[in-house]
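Working notes, structure below.
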Amino acid sequence: MRILIYALPVFAILGNLTLGLFVYSQNRNSRINSTYAVTAVIAALWATAIFFYSEATTAGEALWRSRLAGAFSSFVPAMFFYFFSVFPREKDAPKDNLEKLVFLTAIFFSGLFFSDLLVSGTAIGQNGKYYFVAGPAFVLFIVYFVAIMIFAFLRLVRKYFQYGGVSKLQIKYVFFGFFLGSIFPILTNLIIPLFGYSGLAGIGPFFAVITVSFISFAITKTR
């Protein structure tokens with residue numbers, strides 16, 4: 001039974017790392033491949049932090065680890081936003097000022113997680129596990145996360161109607177993976193914790209592997 005408990009987070013961590021490094025090794029000079037690899041590594045770090053958070057044995061450990069997981073998650077929408085600015089064709093140069101603003105916002109929220117504004121404390125559930133208590137500004141983080149993910153998605157929608165051939169096929173794969181891999185983490189790691197329960201937070205990184213897998217396929221196989 002213990003093996004089954006560890007199977008999900010280990011799969012999320014190793015799955016993201018393996019796919020990210022594999023795609024990067026296919027073309028190290030490609031901005032698409034390198035950006036994808038960084039995105040996958042951040043997802044793996046997020047999954048790692050959540051795993052250790054779920055294994056916390058004291059309130060102090062749970063608080064620090066939940067804040068670390070939140071800090072990593074701040075960069076997930078920013079990385080997708082940047083990735084969709086160069087995918088599927090590298091000639092799509094990102095708008096520097098807009099990208100910088102998004103990353104500065106990600107850094108801001110990442111730092112804010114180490115205050116009581118986003119994570120105000122921890123509590124113990126009926127199963128004996130610790131879970132974090134959302135702070136008064138946690139709803140602002142949800143707005144940031146969801147808004148940037150929507151803007152990233154709209155970027156991809158615009159390119160879907162702009163391009164044809166192989167590029168359009170790549171975008172189709174990413175569409176499907178991005179939707180499946182985003183909707184569940186938003187529910188389990190953002191929306192539900194807002195109502196006082198974060199026991200499902202460990203599921204989010206698992207679904208992130210779905211997005212990473214479909215993007216990996218879109219980058220490598222369709223080429």
### Message
If I ask for residues that are open to solvent by less than 20 Å² (accessible area, probe 1.4 Å), assigned to a strand (DSSP E or B) and within 16 Å of residue 192 (Cβ to Cβ), which ones from region 111-131 would you list?
### Response
119
### Query
Out of all the residues in region 131-142, is one or more closer than 29 Å to residue 105 by Cα, of a type in the set (Ser, Thr, Tyr) and touching a helix residue (DSSP H, G or I) at 6+ places or on another chain (Cβ under 7 Å)?
no
### Query
Going by the conditions given, is residue 85 open to solvent by less than 20 Å² (accessible area, probe 1.4 Å) and at pLDDT 90 or above?
no
### Query
Could you say which residue among 108, 175, 217, 153 is farther than 21 Å from residue 52 by Cα, part of a helix (DSSP H, G or I) and at pLDDT 90 or above?
108
### Task
Take region 29-53 and flag every residue that is in contact with a helix residue (DSSP H, G or I) (Cβ under 7 Å, 6 or more places away or on another chain) and farther than 17 Å from residue 209 by Cβ.
31, 32, 33, 34, 35, 52, 53
### Task
Could you check how many residues of region 111-133 are among the aliphatic types (A, V, I, L, M) and modelled with pLDDT under 90?
3
### Query
Given (1) closer than 25 Å to residue 81 by Cβ; (2) at pLDDT 85 or above, where does residue 136 come up short, assuming only one miss?
(1)
### Query
In region 132-167, how many are without any contact (Cβ under 8 Å) to a residue 60 or more places away in the chain, open to solvent by less than 40 Å² (accessible area, probe 1.4 Å) and of a type in the set (Phe, Trp, Tyr)?
1
### Message
Taking the criterion of being open to solvent by less than 10 Å² (accessible area, probe 1.4 Å), of a type in the set (A, V, I, L, M) and closer than 21 Å to residue 171 by Cα, would at least one residue in region 66-79 satisfy it?
### Response
yes
### Task
Take region 156-172 and flag every residue that is in a helix (DSSP H, G or I) and either touching a strand residue (DSSP E or B) at 6+ places or on another chain (Cβ under 9 Å) or not aliphatic (A, V, I, L, M) (or both).
158, 159, 160, 161, 162, 165, 167, 168, 170, 172
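The values are calculated or read from the model by the stated rules, or taken from the named source; none is laboratory data. This structure is a prediction, so every number in the text was calculated from the model and none was measured. Note: ideal-geometry Cβ built from the backbone for every residue, glycine included; neighbour counts use all protein chains shown. These accessible areas exclude ligands, DNA and RNA; they are computed on the full protein's heavy atoms, side chains included. Shrake-Rupley method; radii C 1.70, N 1.55, O 1.52, S 1.80 Å.
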